[in-house]
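Only one structure is covered here, and it is reproduced in the block below.
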Amino acid sequence: MAVTVIDHPLAQVLLTALRDRSTPPPLFRLIAKRLSLILCVEATRAIPTTPVRIETPLRPTAGNRLEPLVAVPILRAGLGMLEAVTELFPEVSVGYLGLERDHATFEPSLYYSKLPPLENRTALLLDPMLATGGSAAAACSALEAGGPRHITLLSVVAAPEGIARLQAAHPAVDVYTVAIDEGLDANAYIVPGLGDFGDRLFGT
Ligand code: PRP
Ligand code: URA
């Protein structure tokens, strides 16, 4: 598993604003989308393309066409990353996975799944918080059942514990994140982190 930390200064400045507890939900949503645009561009560097021949107004030349791509946000928080992906890749097929962590065990349960065909496709899994790694690992299991060519997880903040769990369960999955934080607190929240992404995104 390759883990790439986006060290672009703009990404780090945007993450600082997300971490700031005084950032209100409307601004949080805007910044989450901007950061997701950067993450998405970086995370799709290696997606497959097909060579095509086209004609410019002057002469024929070689170009590239995108292979079909699938994006799957994990509800709820991953929804804050989806618009960035659909703006960059308007042809993307979108699936949804609903996963919620149990408050006592921190283990995820799957309450919704609606996935498009995944066979031989590149799947972008969208979940801003990689904490214990339980949700991401469960989501990858659900995606792998569909036979994708490759899975890339786009995360905003990752904990070392989550990276280790995902690496053990799904070594072929690649991760793009903006920060690897210190670890988890007693409630399995990432520290310093940014709090509950879903609550801050949706004002709950
Ligand atoms: C959050 C977050 C991730 C998950 C990460 O979701 O959006 O999906 O926790 O934690 P993990 O790595 O320990 O599994 P949550 O369960 O709070 O649901 P929500 O997005 O609906 O609030
Ligand atoms: N989910 C969140 O939204 N934040 C955390 O820190 C951990 C899980």
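Nothing in this text is a laboratory measurement; each read-out follows from the coordinates by a stated rule. This is a predicted model, so every value here is computed, not measured. Positions of Cβ are backbone-derived with ideal geometry, glycine not excepted, and every protein chain shown enters the neighbour counts.
Count charges around GLY147 for me, please; just the other residues with Cβ under 14 Å from its Cβ, Lys/Arg as +1, Asp/Glu as -1.
Cβ neighbours under 14 Å give a net charge of 0.
Measure nothing fancy, just the Cα-based angle from helix 160-169's long axis to the longest principal axis of the chain, in degrees from 0 to 90, nearest 10.
The angle comes out at about 60 degrees.
Please compute the modelled spin-label separation between ARG19 and ALA62, points set 7 Å along Cα→Cβ, answer in nm with one decimal.
Computed distance between label sites ALA62 and ARG19 equals 4.4 nm.
With Cβ to Cβ distances under 14 Å as the rule, what net charge do the other residues near TYR176 carry (K, R +1; D, E -1)?
-3
Could you line up ASP102, ASP185, ASP127 from fewest to most neighbouring Cβ atoms inside 10 Å?
ASP102, ASP185, ASP127
Between the helical axis of 134-144 and the dominant principal axis of the chain, each derived from Cα atoms, what acute angle in degrees is found, rounded to the nearest 10?
The answer is roughly 30 degrees.
About the Cα centre of the chain, how large is the charge dipole given +1 on each Lys and Arg Cβ and -1 on each Asp and Glu Cβ? Please answer in debye to the nearest 20.
Once rounded to the nearest 20, the dipole reads 580 debye.
Need the C-alpha centroid separation for region 48-75 versus region 132-188, integer Å.
Answer, in whole Å: 28.
Using the Cα atoms of region 26-70 to build a convex hull, what is its mean projected area in square nanometres?
Averaged projected hull area, Cα only: 5.1 nm².
What is the Cα coordinate range of the chain on the first, second and third principal axes, sorted by size from largest, in whole angstrom?
63, 36, 27
What residues qualify as long-range amide H neighbours of TYR96, i.e. H under 5 Å apart, gap of 5 or more or another chain, H built at 1.01 Å from N?
Those lying under 5 Å, H to H, from TYR96 are LYS114, LEU115.
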